[in-house]
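Contents: one structure, followed by commentary.
The values are calculated or read from the model by the stated rules, or taken from the named source; none is laboratory data. If you're wondering where the values come from, they're calculated on a predicted model, not measured in any experiment. Cβ sites come from the backbone with ideal geometry, for glycine too, and all protein chains shown count toward neighbours.
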Amino acid sequence: MKRRYLLIFSEPSHHPEKVAEAVRSSYRSLFGELGLASSDLKLIRGYERESAVIFRCALDSLPRAILATATVTEIDGAEAALRVLAVSGTMRGIIRRLARLRSSYT
């Protein structure tokens, strides 16, 4: 199964596990339990300092994962906005993209 990695930015900053739960919950409400299970949606790594998280999902569920991410408006009772900054076929590509974003902030 082909996979894709998503770099997601949380605004304002939230704990990576809370972001992951919000995205999973959104995906479940939009596409059901079976849709969530078949998506292979998984939190790979969180970066609290950068307010970023890396998710993995199946290639065929990528558009649905992006939609589920975009529909999150609240995390743990507080307003939130999630933005997909990059999509890559490899972890290396996503890490490079994150490094470029880090260097542009400094």
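Here are the numbers for the structure shown:
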quantity: Residue in segment 11-26 that is in a strand (DSSP E or B) and within 14 Å of the chain's Cα centre (by Cα) present; calculated: yes
quantity: R83 vs. criteria touching a strand residue (DSSP E or B) at 6+ places or on another chain (Cβ under 9 Å) and either surrounded by 12 or more Cβ atoms within 10 Å (Cβ to Cβ) or not in a helix (DSSP H, G or I) (or both); calculated: yes
quantity: Restricting segment 1-46 to residues that are in contact (Cβ under 8 Å) with a residue 60 or more places away in the chain and of a type in the set (D, E, K, R), the residue that is farthest from A65 (Cα to Cα); calculated: E11
quantity: Checklist (1) exposed (fewer than 13 other Cβ atoms within 10 Å of the Cβ); (2) of a type in the set (A, V, I, L, M); (3) in contact with a helix residue (DSSP H, G or I) (Cβ under 7 Å, 6 or more places away or on another chain) applied to A68, failing item; calculated: (1)
quantity: Enumeration of residues in segment 54-80 that are at pLDDT below 95 and farther than 16 Å from R28 by Cα; calculated: D76, G77, A78, E79, A80
quantity: Given (1) part of a strand (DSSP E or B); (2) modelled with pLDDT under 95; (3) not hydrophobic (A, V, I, L, M, F, W, C), index of the condition R4 fails; calculated: (2)
